[in-house]
Amino acid sequence: MLTRRGLIKVAAGTAGAACASQALDAEARGNRTMPEHALGLLFDGTLCIGCRACMTACKTVNGMPAEHNAVFPGSEDAYWDAPLDISGKTLNVIKAYRSGTAAHKDQVEDGFAFTKVSCLHCVDPSCVSACPVSAMTKDENTGIVRYNVDACIGCRYCVAACPFGVPRFTFDEAYPRINKCQLCQQRLPEGKYAACAEVCPTGATLFGEVVDLKAEVARRRALEPGTLTTFPRGKIGGTDSYQGKVAKYVDHVYGEKEIGGTQVMHLSGVPFELLDKPKLPDVPPARVAETLQHTIYNAFIAPLVFLVGLTGLAWRNRRTIEEDAPKTGGEA
Ligand code: SF4
Ligand code: SF4
Ligand code: SF4
């Protein structure tokens, strides 16, 4: 006969086995890969001159309003479009690092450097994984991470999920929405490409297929600093280029491995920590989160088995109590 201890052991053992088997199944979720012709950007901070033409062009083609800031009241920043960061009104920002006298470009001490902040179009995007209604999706041909305002329910899970803090909610609008860079996807059918890259005078922001951009990254990194070379401008594989000298890069391509890789990559002459780029693991959070979710959902069978066991135990105990109870009533 099955004892109480035995029944609990069987139920717990079965539940544990179910959990373990589901966890093993869930581990099968590997890193996602990008489409063969994925599109992206290369931002080479050593070529950037901080002109912010890319910010203006981004606003123009995406119909975003100017953003005045009150940090320097009375200064020209209070009148001109002067966003300090990406926001519901600004999809792309160039930020500066400064140290000491800020006299030398791409130097840590007494130097300055530029960085770009915009959506990185992750290969395995957390925003897509977190969105419960598929308002965020990854295009299967270009890999562009798109936003569909009509599907959005305003939960802002994507805002919380993005490790780069990219999606921004327009709290000050009557019908708020998420805004983020969509790699100018609306311009692609017209044969145009990302406006920030199109207007960049130095090719610091360069558009193209990720495979070509990666080859360009490898080419630049293989050259000795100071070597005269040809830099493509606008779109890689286009006709526009110029001659310039290769700078000394830090030994890190930001976006190459972070959270499984991104379609926007960064080169820099100063460490990325100084540019406020978050230090992230190679494993995509989306993969970890989905593994846990699937494990928990799949493993509902485990608590179910345990519940059935406990119910059986309670039923058996009730029968025992009823059988042991003194008989009352009956014949007088
Ligand atoms: S347009 Fe090019 S050079 Fe000018 S700020 Fe933007 S990335 Fe830098
Ligand atoms: S950077 Fe953020 S918003 Fe852009 S694709 Fe990655 S997770 Fe999504
Ligand atoms: S790709 Fe388009 S939307 Fe994205 S930062 Fe560049 S200009 Fe702005």
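Annotations
- Each residue in region 139-186 was checked for being assigned to a loop (DSSP other than H, G, I, E, B) and β-branched (Val, Ile, Thr), and 6 of them qualify.
- The one condition from (1) basic (Lys, Arg); (2) within 16 Å of ligand 3 (Cβ to nearest atom); (3) open to solvent by less than 60 Å² (accessible area, probe 1.4 Å) that residue 220 does not meet is (2).
- Some residue of region 210-217 being open to solvent by 40 Å² or more (accessible area, probe 1.4 Å), assigned to a loop (DSSP other than H, G, I, E, B) and among the small types (Gly, Ala, Ser): no
- Filtered residues of region 52-67 (kept if within 16 Å of ligand 2 (Cβ to nearest atom) and farther than 15 Å from residue 95 by Cβ): 62
- Which numbered condition residue 172 misses (of (1) at pLDDT 95 or above; (2) more than 16 Å from ligand 2 (Cβ to nearest atom)): (1)
- Within region 223-234, the set of residues being charged (D, E, K, R) and open to solvent by less than 80 Å² (accessible area, probe 1.4 Å) comprises just one member, 233.
- Pick from region 191-208, criterion within 6 Å of ligand 1 (Cβ to nearest atom) and open to solvent by less than 10 Å² (accessible area, probe 1.4 Å), ranking: farthest from residue 229 (Cα to Cα): 205
- The set of residues in region 48-59 being more than 10 Å from ligand 3 (Cβ to nearest atom) and buried (at least 23 other Cβ atoms within 10 Å of the Cβ) consists of 48 alone.
- Among the residues of this structure, residue 164 does not count as one that is more than 25 Å from residue 208 (Cβ to Cβ) and either in contact (Cβ under 8 Å) with a residue 40 or more places away in the chain or not hydroxyl-bearing (Ser, Thr, Tyr) (or both).
- From the list 95, 89, the lone residue that is open to solvent by 50 Å² or more (accessible area, probe 1.4 Å), in contact with a Pro (Cβ under 6 Å, 6 or more places away or on another chain) and of a type outside the set (Gly, Ala, Ser) is 89.
Residue by residue, here is whether (1) away from ligand 1 (no atom under 16 Å from the Cβ); (2) among the polar types (S, T, N, Q); (3) not in a loop (DSSP other than H, G, I, E, B) holds:
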{"site": "242", "(1), (2), (3)": "no, no, yes"}
{"site": "251", "(1), (2), (3)": "yes, no, no"}
{"site": "259", "(1), (2), (3)": "yes, no, yes"}
{"site": "266", "(1), (2), (3)": "no, no, yes"}
{"site": "273", "(1), (2), (3)": "yes, no, yes"}
{"site": "277", "(1), (2), (3)": "no, no, no"}
{"site": "280", "(1), (2), (3)": "yes, no, no"}
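- Scanning region 120-137 for residues that are outside any loop (DSSP other than H, G, I, E, B) and either without any contact (Cβ under 8 Å) to a residue 24 or more places away in the chain or among the hydrophobic types (A, V, I, L, M, F, W, C) (or both) yields 122, 127, 128, 130, 136, 137.
- Within region 158-189, being within 16 Å of ligand 1 (Cβ to nearest atom) and touching a helix residue (DSSP H, G or I) at 6+ places or on another chain (Cβ under 6 Å) holds for one residue alone: 184.
- Pairs, first surrounded by fewer than 17 Cβ atoms within 10 Å (Cβ to Cβ) in region 169-187, second assigned to a helix (DSSP H, G or I), C-beta under 9 Å, six or more apart: 186/61; 186/62; 187/61; 187/195; 187/198
- Of the residues in region 187-197, at least one is of a type in the set (D, E, K, R) and either assigned to a helix (DSSP H, G or I) or within 14 Å of ligand 2 (Cβ to nearest atom) (or both).
- Where residue 148 falls short, out of the listed (1) open to solvent by 60 Å² or more (accessible area, probe 1.4 Å); (2) within 16 Å of ligand 2 (Cβ to nearest atom); (3) on the phi > 0 side of the Ramachandran plot: (3)
The values are calculated or read from the model by the stated rules, or taken from the named source; none is laboratory data. The structure presented is a predicted model; accordingly, all values stated were derived computationally and were not measured. Every residue, glycine among them, receives a Cβ derived from its backbone with ideal geometry; neighbour counts consider all protein chains shown. These accessible areas exclude ligands, DNA and RNA; they are computed on the full protein's heavy atoms, side chains included. Shrake-Rupley method; radii C 1.70, N 1.55, O 1.52, S 1.80 Å.
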